[in-house]
1. Determine the distance separating the Cα centre of region 334-388 from the Cα centre of region 106-133; give it in Å without decimals.
2. Might you work out the accessible area of Tyr508 for me, using a 1.4 Å probe with all protein chains in place, and round it to the nearest 10 Å²?
3. So what is the relative contact order for region 205-341, in percent, with contacts set as C-alpha pairs under 8 Å and at least six apart?
4. May I ask you to evaluate 6.51 cos²θ - 1.76 cosθ + 1.60, the Karplus curve with θ = phi - 60°, for each residue of region 100-114 and list the ³J(HN,Hα) values in order in whole Hz, giving x for glycine and proline?
5. When the solvent-accessible surface of protein heavy atoms is calculated with a 1.4 angstrom probe, in what order do Asp161, Asp37, Asp461 fall, highest first?
6. Whole angstrom only: what separates the Cα centroid of region 262-281 from the Cα centroid of region 457-514?
7. Per residue of region 473-490, what does 6.51 cos²θ - 1.76 cosθ + 1.60 with θ = phi - 60° give for ³J(HN,Hα)? Whole Hz please, x for Gly and Pro, Karplus curve as stated.
8. Please arrange His131, His302 by accessible surface area, largest first, computed with a 1.4 Å probe and ligands excluded.
Amino acid sequence: MGNWVVNHWLAVLFLVAWLGLNVFLFVHTFLKYEKDDKYYYTREILGTALAVARASAFCLNFNSMLILIPVCRNLLSFLRGSCSFCSRTLRKSLDHNLTFHKLVAYMICIFTAIHIIAHLFNFERYSRSQHVTTISLASVLSSLHHDKEGGFWLNPIQSPDMTVLYVTFTTIAGLSGVIITIALILMVTSSMEFIRRNYFELFWYTHHLFIIYIICLWIHGMGGIVRGQTEKSMNENHPHKCAQSFEKWDDHDPDCKEPQFEGHPPESWKWTLAPVALYIFERFLRFYRSQQKVVITKVVMHPSKVLELQMKKRGFSMEVGQYIFVNCPSISFLEWHPFTLTSAPEEDFFSIHIRAAGDWTENLIRTFEQQNSLIPRIEVDGPFGTASEDVFQYEVAVLVGAGIGVTPFASILKSIWFKLQHSDHKLKTQKAGHAALNFDKATDILTGLKQKTSFGRPMWDNEFSTIATTHPKSVVGVFLCGPLTLAKSLRKCCHRYSSLDPRKVQFYFNQENF
């Protein structure tokens, strides 16, 4: 764990800062609503649940502001390119974008649950204050101005006959809150690993409920359910002076007039407007790039239902390990799926390998198998950067691919071959290892090179021990495109075989994440 913290100190610092800001916002807002005289009368009915509801709402706004930024792929690619001269630690922090996106989503779920529970208590207390038979400050506050126009009321449940369910589904705040909760539940449940891997289309469509989530979040505060005393009313009826004499308010006491209340104006849009604008720009940019013509120069059907597409596109420039999003309008106008580039930057085309792993990929492969003279139209967005871009920053690199996960390393191996052929002195990786020959064909099925890929499950402890012994003073980059179980094993090995002395061998773990 110590080595992980050392190698990822910036990501840890960012995570701690994010958690710290959540704690600060919650505590600061809680104390404001728990102590401010403006909410003295509101607390008389609701108690501490008022402060809990408002504190969780502020934290929801804060995290809703952050949730879209990690999925702005063009922004991250721009930052990665701008940081080409930055430290390895700074660039690696960008590779945790989806992890941070998930953490923010979990935090939104936690504060949503807190917010809902707090408001359940609030509504129960609003209802209870309408049903008390004795005269109390809470009952008097609940009856204020319900028979007058002007909206200076405090209790949204305006009569004993009005139910909590009725208020929930007939008010802006209540109905939008229900829609927000349903949208959030659907987005989170459809994001589970099993659904995302096996029913990607369901995940993709459901995840776009975030549009409804954002819209309802913006209008949620328009109902003004949580209310505070107006500034003018504070001068005419300060709680410290008038709360104890509430029974005389009806006598038109000039020193203590009936208090008046107002709801908060919507605030969520102030938090999320800039990220939403950035995301809209991102989507427009993706749409513009996706409309540029793509020419398919070669179609190859490999064994095990693997389709290779070689393509050309004006202005397309790539680096090793990058990926693109692909759309086939004849299958679906809306669905875009990510695929790692398997070509090298030195080649005059770019290529991807697609394995049948769901309805969309199976339909795409079937479409190309059945095509006669007319090749289906393909739209491409990208390329976008990944951790594999940094492979040439290491003197020693370990590339681990499982299944179709070998595709990003096909690009890397090809590029190494081209660089060695042209004696590229900028290449830190000076020696390329030889791979075992396992197929009867003259070239590798994925890379097209004569040096073939060796398949199998290595003894990782032996491999890492050998590398550490052979390169005692090197920084070793370990790159994986594969399942989480393999990632855990490799991450543990990187920690175990990294020296405590920073001048000796250090293993840096990098995982494809898109």
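1. 49
2. Answer for Tyr508: close to 30 Å² accessible.
3. 17
4. Each residue's phi maps through the Karplus curve to give 5, 4, 5, 4, 5, 4, 4, 5, 4, 4, 4, 6, 5, 4, 4 Hz.
5. Per-residue accessible area, sorted high to low, gives Asp161, Asp461, Asp37.
6. Spelled out, the Cα-based centre of one part sits 43 Å from the other.
7. Values, residue by residue: 10, 9, 9, 9, x, 9, 10, 10, 10, x, x, 5, 4, 5, 4, 4, 5, 5 Hz.
8. The residues order as His131, His302, largest area first.
The values are calculated or read from the model by the stated rules, or taken from the named source; none is laboratory data. Quick caveat: nothing in here was measured; it's all calculated off a predicted structure. Glycine also receives a Cβ, built like all others from the backbone with ideal geometry; neighbour counts cover every protein chain displayed. All accessible areas refer to the heavy atoms of the entire protein, side chains included, with ligands and DNA or RNA removed. Shrake-Rupley method; radii C 1.70, N 1.55, O 1.52, S 1.80 Å.
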